[in-house]
Amino acid sequence: MQEERLATHLRDRPAQLREAQEKGVKIIGYFPGNYVPEELIIASGAIPICLIDGGDTLPLEVSLSAIPHIFCPFARTQIGERLLRRNPYYNMIDMLIAPITCQHLKKAAEIWEYYGDIEIFKLGIPHQYSNDFELGYYRDRLRALRERLKAFTGNKITDKSICSAIKLYNRMRELLRKISLLRCDASVPLDALDFVKLNHASFYADPALMVDILESVYDELREKPSVAETDAPRLILIGPNIGYGDYKMLELVKEAGGEIVIEEVCEGMRYYWSTIDTTGDPLESLARGYLRDRVPPAFMRYSAKPRLDFALKLITDFTVSGVIWYELLGCETYDAESYFFTQKVGERNIPMLILESDYGMAGVGQMKTRIEAFIEMVKGGLE
Ligand code: SF4
């Protein structure tokens, strides 16, 4: 029932956004990676839309008129969709917030700037996260964003309105976490593809409605029987990015008899493991919550060890017996770390399969064969 409700909402969402836009409400797009606090956008009276499409090859071909093929397919998709003008969300953006994270997404934002006609706000992100001066820098950038949003929308942004937006998104994060944790036990009431789709929907849907839907989904799932085969190896997915529509690998794993029960993905999925403090200065709380109180992605310095520790904890907590490492062609930071992770999880007798995708169909047959062989191997180890 909730599935239908969400599908209907997402179907109608572009039209609703257009209507709001005609009444003067600004639609603010941003690139993913969990460094753009939607709370600030909501508090300004605007509507946030995270641009996370991926998996289709047409935007990749189109992007080649603006950028060489060495850039990763996700970054190129963000360019291709903008140039194609077919996607309602990419078309209706009044302003783009581009966090300065990896080189590829940074370049995608620059291409939007060269070829586009809308304002690009570049949100500086420190590439270290643990020192006070980095926290201070990020907090100052958030302050600059707040000022820009205020001027752009013509609305006041009060501490109170930021706090109430934080509470709304905290509820969304809490619910996603609770739903995700339902897969911790042997009974898995939803598979990875359904969870990823739910997580993706949270970037496009109205946040208050999304919270309401997630409440009901959680209640429904608690009563639901397991969707996993009894002999399915429990797997963790680790990687930089899962775009909205990039679902082939998830389908192949399921078809091959594996069950991904937890994901550690930097972009394209909402980070839901921690919430944001609602007491004290809201900008300070957002800076801490988005920069420091989360697992750092691979573009950050000194991030491999904390992420490995986090992944190992997930492997234990979710009783995982294999790692699916899914990276995109050209993603050098994650590719470099795949060697380190293979070795470290191997020391715990956890095998890891490294898959690389360029979104094309040409590699799907080989990916299928490798996934099937890996799952058989993990199953063999469990017997
Ligand atoms: S997949 Fe890798 S290269 Fe592409 S945007 Fe993400 S971190 Fe950057």
Scan the stretch 65-87 and give yes if some residue there is within 22 Å of the chain's Cα centre (by Cα) and under 30 Å from S164 (Cβ atoms), otherwise no. no
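Might you check whether a residue that is among the β-branched types (V, I, T), assigned to a helix (DSSP H, G or I), within 16 Å of the ligand (Cβ to nearest atom) and at pLDDT 95 or above occurs anywhere in the stretch 31-39? Spell out how you get there, then give the answer.
Residues of the stretch 31-39 that are among the β-branched types (V, I, T), as a first pass: 36.
From the residues that got through so far, the ones that are assigned to a helix (DSSP H, G or I) too are none.
No, the conditions are met nowhere in the stretch 31-39.
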Looking at A43, A20, which is the one that is away from the ligand (no atom under 15 Å from the Cβ), buried (at least 22 other Cβ atoms within 10 Å of the Cβ) and either more than 17 Å from the chain's Cα centre (by Cα) or among the aromatic types (F, W, Y) (or both)? A43
Name the single residue that is nearest to M172 (Cα to Cα) among those in the stretch 226-275 being within 14 Å of the ligand (Cβ to nearest atom) and small (G, A, S). G268
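For every residue, the table says whether it meets (1) over 19 Å from the mean Cα position of the chain (by Cα); (2) crowded, with 18+ Cβ neighbours inside 10 Å; (3) not charged (D, E, K, R).
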{"position": "L105", "(1), (2), (3)": "no, yes, yes"}
{"position": "L149", "(1), (2), (3)": "yes, yes, yes"}
{"position": "R171", "(1), (2), (3)": "no, yes, no"}
{"position": "L175", "(1), (2), (3)": "no, yes, yes"}
{"position": "A192", "(1), (2), (3)": "no, yes, yes"}
{"position": "S202", "(1), (2), (3)": "no, yes, yes"}
Residues being within 15 Å of the ligand (Cβ to nearest atom) and hydroxyl-bearing (S, T, Y) - total across the stretch 62-90: 2
Long-range neighbours under 8 Å by Cβ, at least six apart or interchain, first residue free of Cβ contacts under 8 Å to residues at least 60 places away in the same chain within the stretch 272-301, second outside any helix (DSSP H, G or I) and among the aromatic types (F, W, Y): V295/Y271; V295/W273
Per the list (1) part of a helix (DSSP H, G or I); (2) farther than 30 Å from P306 by Cβ, residue check on V211 breaks on (2)
From I97, I125, which residue is within 16 Å of the ligand (Cβ to nearest atom), in a loop (DSSP other than H, G, I, E, B) and either more than 26 Å from L60 (Cβ to Cβ) or modelled with pLDDT of 95 or more (or both)? I125
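Pull up the stretch 46-83, narrow it to residues that are assigned to a loop (DSSP other than H, G, I, E, B) and among the polar types (S, T, N, Q), then point me to the one that is surrounded by the fewest Cβ atoms within 10 Å (Cβ to Cβ). Give the steps one after another, and end with the answer.
Step one: list which residues in the stretch 46-83 are assigned to a loop (DSSP other than H, G, I, E, B), which gives 46, 51-52, 54-57, 64-72.
Cutting the leftovers down to among the polar types (S, T, N, Q) gives us 57, 65.
Working: T57: 15, S65: 10.
Step by step, filter the stretch 46-83, then rank; the result is S65.
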Those residues of the stretch 304-339 which are within 16 Å of the ligand (Cβ to nearest atom), touching a residue at least 60 places away in the same chain (Cβ under 8 Å) and either surrounded by fewer than 17 Cβ atoms within 10 Å (Cβ to Cβ) or part of a loop (DSSP other than H, G, I, E, B) (or both), in sequence order: L329, G330, C331
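The values are calculated or read from the model by the stated rules, or taken from the named source; none is laboratory data. Here the structure is a predicted model, which means the values were calculated and not measured. Cβ: placed from backbone, ideal geometry, glycine included. Neighbour counts: every protein chain shown.
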